[in-house]
1. If we keep just the residues of the range 401-453 that are part of a helix (DSSP H, G or I) and polar (S, T, N, Q), which is nearest to MET136 (Cα to Cα)?
2. Which of the residues belonging to the range 142-166 are among the small types (Gly, Ala, Ser) and either within 21 Å of PRO433 (Cβ to Cβ) or at pLDDT below 90 (or both)?
3. I'd like the full set of residues that are part of a helix (DSSP H, G or I) and farther than 15 Å from ASP264 by Cα, limited to the range 348-372.
4. Of the residues VAL177, VAL169, VAL86, VAL126, only one is touching a residue at least 24 places away in the same chain (Cβ under 8 Å) and either within 30 Å of TRP436 (Cα to Cα) or not β-branched (Val, Ile, Thr) (or both); which?
5. Answer with yes or no whether MET294 is under 23 Å from SER106 (Cα atoms), touching a residue at least 40 places away in the same chain (Cβ under 8 Å) and surrounded by fewer than 24 Cβ atoms within 10 Å (Cβ to Cβ).
6. For the range 18-117, give me every one of the helices (runs of 4 or more DSSP H) that falls completely inside it and has 1 or more residues that are at pLDDT below 90.
7. Which condition does SER119 not pass, out of (1) small (Gly, Ala, Ser); (2) more than 20 Å from the chain's Cα centre (by Cα); (3) closer than 25 Å to SER246 by Cα, if it passes all the others?
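The values are calculated or read from the model by the stated rules, or taken from the named source; none is laboratory data. The structure presented is a predicted model; accordingly, all values stated were derived computationally and were not measured. All Cβ positions, even for glycine, are placed from backbone atoms using ideal geometry, and neighbour counts span all protein chains on display.
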Amino acid sequence: MDPTSTSLEDKRTSKELEAGYDVAYEGTKESEESSSVRLTRSQRFTQFLSKYGIETHGIEPIPAEQRTDKRLYQMFLAWLSVNLNVLTFSTGTAGPAFFGLGLTDSLIIILVVDLVLCSIPAYFAVFGPKLGTRAMVQARFSWGFYASLIPSLLNVFSLQGFLILNCIVGGQTLAAVSDHLTDTVGIVIIAIISLVVTFCGYKVLHWYESFAWFPNLVAFLVLLGAGAKHIQNIPVPAPEPAAVLSYASVVVSSVLSWCTMTPDYGVYHADAPTWRIFIYVYLGFFVSSLPGHMLGAAFAAGAPAVPAWQAGLGEGSNVGGLIEAVLAMSGGFGKFLTVVIALTIPSAVAPTMYSFGTSAMAVAPFFAKIPRYVYAIISTAILIPVAIVGQTRFYNTFVDILSIIGYWSASFAAVIVADHCFVRRCRWSSYTPADWATARRLPLGVAACIAFASSVGIIVPSMSQVWYTGPIAASGTGDIGVYMGFAVAVVVYVPLRLLEKKVEKRIGWGEES
């Protein structure tokens, strides 16, 4: 890999990028004319917002001359804030509370998974500063213009699932502080705060994430100081291999699924050596995910020995109640920190909501015409009622959503990694961002579709959920769908993509046409 190589074509002007955008949308001229008044009003409102610093840029790749932000440390702080929160804590609690694992087993699984898996979203983050492309736009360079609809749609639903989980935990945590505040009200408060941050866009997001990690760090340290002496390694039966692999899959999914978002938060940052970008993001993930996961596992494992903690956790479905019960040992300051933890959950919700919008815009040309901030409003309108309904079945909802996201994210990541590493041989110069919206200059997408379908074919019999257990998983392996899906997608994609390139050359299609 040449860490300093950049795409020559990446230096095309923004006019060329816009030209490519126009080519892809020629077929929509009539609809534009018929709605010219509506679009004009929208454009005026967008211009009004831009005067006040609201991001109004769409999903067009950011040209090299506009990628000037040299503060790469922002990428470390962004992912530190995103992962140092109560949802990461919740992932850790699933080991003892849902899968019946002991403390030691849970901690070992967490260490191994975080150490290895944090590298995948970190590597995906490199695409942002290198190419200036959002995650779902960059996917077109392996999936093709039309087939990229598949990951874009799946990402829209997945991110909305994440938003629901975050708001449920935030609502529970906030409600645990006061008898006069319900989970429902807490969910609404968290959703509205997240909407405000997301509405403002990229710069405000990075500004917010630059300090959102600090209150949670203080809260987690107090949490550890107040409750560590009460944590007991309660003996549990020897873990079944199925439970170990299934819990590992949940942790894998919680980390791996960020790869569909990480490029979005570096598109305005200046190009830099691959290793520097990678290290910043990897450390941001690792130093936040590891303690968050481990704290969750430790307190969930110790809850049965502390009546107040067990009462807070309830039937294993109220993570916010567990946190409040532990921090209550610190008196009024503990209650204050519980509120702080809840109110900083937007550090994870806001970026997710932002990428929900960019992913929705990548689904089809029509959706790209709708301003990004509108999608933030739509997302909020959906997540509030669904989160209110799902709060009563948190762990079932949590594990189901995380696992399903992990299944398809593994296949998606496999295609992107295989294409970049084995087909393009890690050459950034092999990408032409200006072609992002020109179907004939992008891959056919057949190889990616077949690889994805093949991975789904092995995921289904390998998955283990409350509502379905495949024959492979039922044989005693546990949920290994994520691992099998990733491996099969890589093996199938590489030879098919090489064959596809030959076909493209013959018919005058693709990047070499």
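1. Start the filter on the range 401-453 by keeping residues that are part of a helix (DSSP H, G or I), which leaves 401-423, 428-430, 433-435, 439-441, 446-453.
Filter again for polar (S, T, N, Q), leaving 403, 409, 411, 429-430.
On the way: SER403: 21, SER409: 12, SER411: 14, SER429: 19, SER430: 18 Å.
Per the criteria, the residue is SER409.
2. Applying the first criterion (among the small types (Gly, Ala, Ser)) to the range 142-166 yields 142, 144, 147-148, 152, 158, 161.
Scanning the range 142-166 gives SER142, GLY144, ALA147, SER148, SER152, GLY161.
3. In the first step, residues of the range 348-372 are kept if they are part of a helix (DSSP H, G or I); the result is 348-361, 365-368, 372.
Within the range 348-372, PRO365, PHE366, PHE367, ALA368 meet the criteria.
4. Working: VAL177 fails: either within 30 Å of TRP436 (Cα to Cα) or not β-branched (Val, Ile, Thr) (or both); VAL169 fails: either within 30 Å of TRP436 (Cα to Cα) or not β-branched (Val, Ile, Thr) (or both); VAL86 fails: either within 30 Å of TRP436 (Cα to Cα) or not β-branched (Val, Ile, Thr) (or both).
Sole residue among the options that is touching a residue at least 24 places away in the same chain (Cβ under 8 Å) and either within 30 Å of TRP436 (Cα to Cα) or not β-branched (Val, Ile, Thr) (or both): VAL126.
5. Details: under 23 Å from SER106 (Cα atoms): yes; touching a residue at least 40 places away in the same chain (Cβ under 8 Å): yes; surrounded by fewer than 24 Cβ atoms within 10 Å (Cβ to Cβ): yes.
When the stated conditions are applied, MET294 passes them.
6. 29-34, 36-51, 86-99
7. For SER119, the exception is condition (2).
Yes/no matrix, rows are residues, columns are (1) among the aromatic types (Phe, Trp, Tyr); (2) within 29 Å of MET75 (Cα to Cα):
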residue	(1), (2)
ALA191	no, yes
THR198	no, yes
SER210	no, yes
PHE220	yes, yes
ILE231	no, no
ILE234	no, no
